[in-house]
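Trainee: Before I ask anything, here is the structure I am working with.
Only the coordinates and a few stated rules stand behind these numbers; no lab work does. This one's a predicted model, so the numbers in the text were calculated from it and none came from an experiment. Here the Cβ is made from the backbone with ideal geometry for all residues, glycine too, and neighbour counts use every protein chain on show.
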Amino acid sequence: MEPFLSGDRARRLVAWAVVALPTAAIAQVDEDSGEECTVGVACGKATPDGRPLLWKTRDTSSRHNEVVRFTDGKYEYLALVTAGQNRSAWAGSNEKGFCIMNSVSTDFRRGGAGNGPGNGRMMKIALQSCATVADFEALLKKTDESGRRTRANFGVIDATGAAAVFETSPDSYTRFDADDPEIAPKGFIV
């Protein structure tokens, strides 16, 4: 088996880490505090090297964050977590090149069954099990039925070049593709 951090995997993760992690470890917020993160997703037509890009400024009251390597799912992954709290992920990238981050949206309606994964747990599940943006959408469809406690915009990219933002509430979602000229004429969504 190839080491987790070698070749193309290492380059993808390093590129993601250089962009996302320095801006992500800024501060942490309770999901309903009104201090949402600033996020963006770009498809390859908006970047100089043709690869999709995620970025996130993590607005949080927790000063202690860390990047942790996990092997607890189908795929190995790196995740930004609140130090010492490994049940949730606040951004990450897995060995297949799937990357995810979020911004809480307190204006989205509450509702649904009131059970299931919240925002951070949902991202951890996605990192463990999704290889593509399409896989993440399938996970959302599945949890539309079973329930989740999400009120967030999830930004996702993958190794195929797909780049999208999903607005999610507890039992529904809307997908916005960064390469759709009607939605993102310049190839990015902020």
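Trainee: So if each residue of separation counts as 0.36 nm, and I subtract the Cα-Cα distance between residue 186 and residue 38, what length gain in nm does that give?
Mentor: 51.4 nm
Trainee: Which FRET efficiency value, to the nearest 0.05, is calculated for residue 145 and residue 72 with the Förster distance at 22 angstrom and r the Cβ-Cβ distance?
Mentor: 0.35
Trainee: Check the straight Cα-Cα distances from residue 124 and name the lysines below 28 Å, setting aside those fewer than 8 residues away within the same chain.
Mentor: 56, 74, 96, 141, 142
Trainee: May I ask you to sort 58, 63 by Cβ crowding, counting other Cβ atoms within 10 Å and putting the fewest first?
Mentor: Going from least to most buried by this count: 63, 58.
Trainee: Based on other C-beta atoms within 10 Å, arrange 183, 157, 189 from fewest to most. Mind dumping the intermediate values first?
Mentor: Working: 183 13, 157 28, 189 21.
Neighbour counts put them in this order, fewest first: 183, 189, 157.
Trainee: Treat each spin label as a single point 7 Å out from the Cα along the C-beta direction, and report the residue 106 to residue 135 distance in nm.
Mentor: So the label points at residue 106 and residue 135 sit 3.4 nm apart.
Trainee: Within segment 117-190, list the trypsin sites (Lys or Arg not before Pro) lying in a DSSP loop whose Cβ has at most 14 other Cβ atoms in a 10 Å radius.
Mentor: Values: sites: 121, 124, 141, 142, 148, 149, 151, 175, 186; in loops: 148, 151, 186.
Those satisfying the criteria are 186.
Trainee: What is the fewest-to-most order of 76, 66 by other Cβ atoms lying within 10 Å of their Cβ?
Mentor: Fewest to most other Cβ atoms nearby, the residues stand as 66, 76.
Trainee: Then there's this: Run the paramagnetic zone check for residue 172: 7 angstrom along Cα to Cβ, then residues of segment 116-143 with backbone nitrogen under 15 Å.
Mentor: Within reach of a label on residue 172: 141.
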